[in-house]
Amino acid sequence: MNRSLVFLSVVVLLCVPSSVHAQAAEQLLKAEVIDVGVTGVRENEGVNVSSEFQELTMRVIEGVRKGEMLSFTNDSPVILSEGDVAYVRALTPPGGDELYAVLEPDRVPVLFVLAVVFVAFSILLGGMAGLRSILSLAVSFAVIMVVLLPLLLSGAPPVPASALLAAVVLACSMIITHGTARETWIALSGSLAALVLAVVVSETAVRVAKLSGFGTDEAVYLNFATNGTLDITGLLLGSILIGIVGVLNDISVSQVHTVSELKKANPSLSRRELLSRAMKVGQEHLGAVINTLPLAYVGAALPLLMLFSTTTAPFLYVINREVFASEVVRILAGGIALSVSGALATVLAVFVITWRR
């Protein structure tokens, strides 16, 4: 799924409760567990599911309420231990006592360490190329977060905005990572042509399949939080395009450099031989990438797949559900764009590299 939209969805989810409980005072507190009291398991009324609970004493560690002690029963799926830090929602209904609920543990330290390890390995094993890749990734996220999201929230047409910003991200990523060599421009040309094809294929598939974009809870919450002012179907198309950008970069650059290196290794190769050998490499690469793309989506949606595997509904009906159909469109549109990108980049590279004035 598109990572910028996932981030946006998380932000919206945090905003939704304040609109639902408009008459209640609500605060988000960051607190540390001081003591864990009684713990146990109890049955939830109305369903045959049991859940753990624990009596917590927590101390607020940030904000105007810093140092304040909170004592309450935690029956959320997040089970905490002494010393853990978590975000707690404090809700005060009109005329009632303040209520507390654990929302999320503080994962920022873990994410920070993981990010540092990722950067370290990228630079250690990739050298300057790894460093440039990290820089291009940062620029890409900056473009998405600082430019694309405000545009979409302001009501800009999602498909043109996403397509244009996807092209900008693609160009920035390639130029920063691979420089301004001839091979970079060839790969960028093939990728941009494939991106245009992806726009056409994705939009046609979404319209013909009558996908509304409301296949996930995040889209419903986003529509609610923005009072229905956004084009949710267009956002689905935009997320498909942004998700395709990364893999387009991969296969296009690889194919162009394959042609270049083959020609350097054997300058006597004719244009036809060079194209044939490069396409054989591209076919193997494409086969690997086409397997990678669907499996990445399946891995992200594994709990959902397991949930639907327990139903007695016909398989075709399950696949027909929008939550699945939209992902199928995403995978297939990406696969078509990948195939075209690799082929176009290879053909362009062969003709440009073998060109004689």
Taking region 100-149 and keeping only residues that are modelled with pLDDT under 90 and among the basic types (Lys, Arg), one is left with 132
Flagged in region 329-355 as over 18 Å from residue 241 (Cα atoms) and either at pLDDT 85 or above or in a helix (DSSP H, G or I) (or both), in numbering order, are 343, 344, 345, 346, 347, 348, 349, 350, 351, 352, 353
* To do: State yes or no: is residue 329 surrounded by 10 or more Cβ atoms within 10 Å (Cβ to Cβ) and touching a residue at least 60 places away in the same chain (Cβ under 8 Å)?
  => yes
When every residue in region 141-167 that is of a type in the set (Gly, Ala, Ser) and without any contact (Cβ under 8 Å) to a residue 60 or more places away in the chain is compared, the one farthest from residue 227 (Cα to Cα) is 167
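One line per residue, one yes/no per condition, for (1) assigned to a helix (DSSP H, G or I); (2) in contact with a helix residue (DSSP H, G or I) (Cβ under 8 Å, 6 or more places away or on another chain); (3) not assigned by TED's automatic domain parsing to the domain that holds residue 289:
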residue: 171; (1), (2), (3): yes, yes, no
residue: 174; (1), (2), (3): yes, yes, no
residue: 185; (1), (2), (3): yes, no, no
residue: 188; (1), (2), (3): yes, yes, no
residue: 212; (1), (2), (3): no, yes, no
residue: 222; (1), (2), (3): yes, yes, no
residue: 238; (1), (2), (3): yes, yes, no
residue: 252; (1), (2), (3): yes, yes, no
Picked from region 265-313 (must be in contact (Cβ under 8 Å) with a residue 60 or more places away in the chain and under 26 Å from residue 244 (Cα atoms)), the residue surrounded by the most Cβ atoms within 10 Å (Cβ to Cβ) is 278
Filtering region 194-224 for residues that are surrounded by fewer than 18 Cβ atoms within 10 Å (Cβ to Cβ) and more than 20 Å from the chain's Cα centre (by Cα) leaves a count of 9
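The values are calculated or read from the model by the stated rules, or taken from the named source; none is laboratory data. Since the structure is predicted, the reported quantities are computational estimates derived from the model, not experimental observations. Here Cβ is always computed from backbone atoms with ideal geometry, including for glycine, and neighbour counts include all displayed protein chains.
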